[in-house]
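Only the coordinates and a few stated rules stand behind these numbers; no lab work does. If you're wondering where the values come from, they're calculated on a predicted model, not measured in any experiment. Virtual Cβ from ideal backbone geometry, glycine too; neighbours counted across all protein chains shown.
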Amino acid sequence: MNQDRIQGRWKQLKGKVKEQWGKLTDDDLDVIDGRRDQLLGRIQERHGLARDEADSELQVFESRNPEFRFDNGGETVGGPESSSGFRSEKSR
């Protein structure tokens, strides 16, 4: 998958993430850059949630948005050439 498509997917996901967790800023989303662990930490910080609670919310979000799956191991949407930490179900 080329870099433009990967970046486009993250932009789509950023909108959904911001809808779900409205206290996240654009700067937060830039730092997160598709990495699940970063998203989890920012959700905890901005929304004042415990790690387990934030993780539970994120799992629900992932189940409601099956076209996007964050990967805990740093794998990326388009393979190792991508900098995003999520992958599309279509790319598996």
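Mind ordering 19-25, 37-43 by average Cβ neighbours within 10 Å, highest first?
The densest-packed peptide leads the list: 37-43, 19-25.
Hey, can you rank 29-35, 12-18, 62-68 by average C-beta count inside 10 Å, highest first? The partial results should precede the final answer.
Working: 29-35: 18.3, 12-18: 16.7, 62-68: 12.9.
Descending mean neighbour count gives 29-35, 12-18, 62-68.
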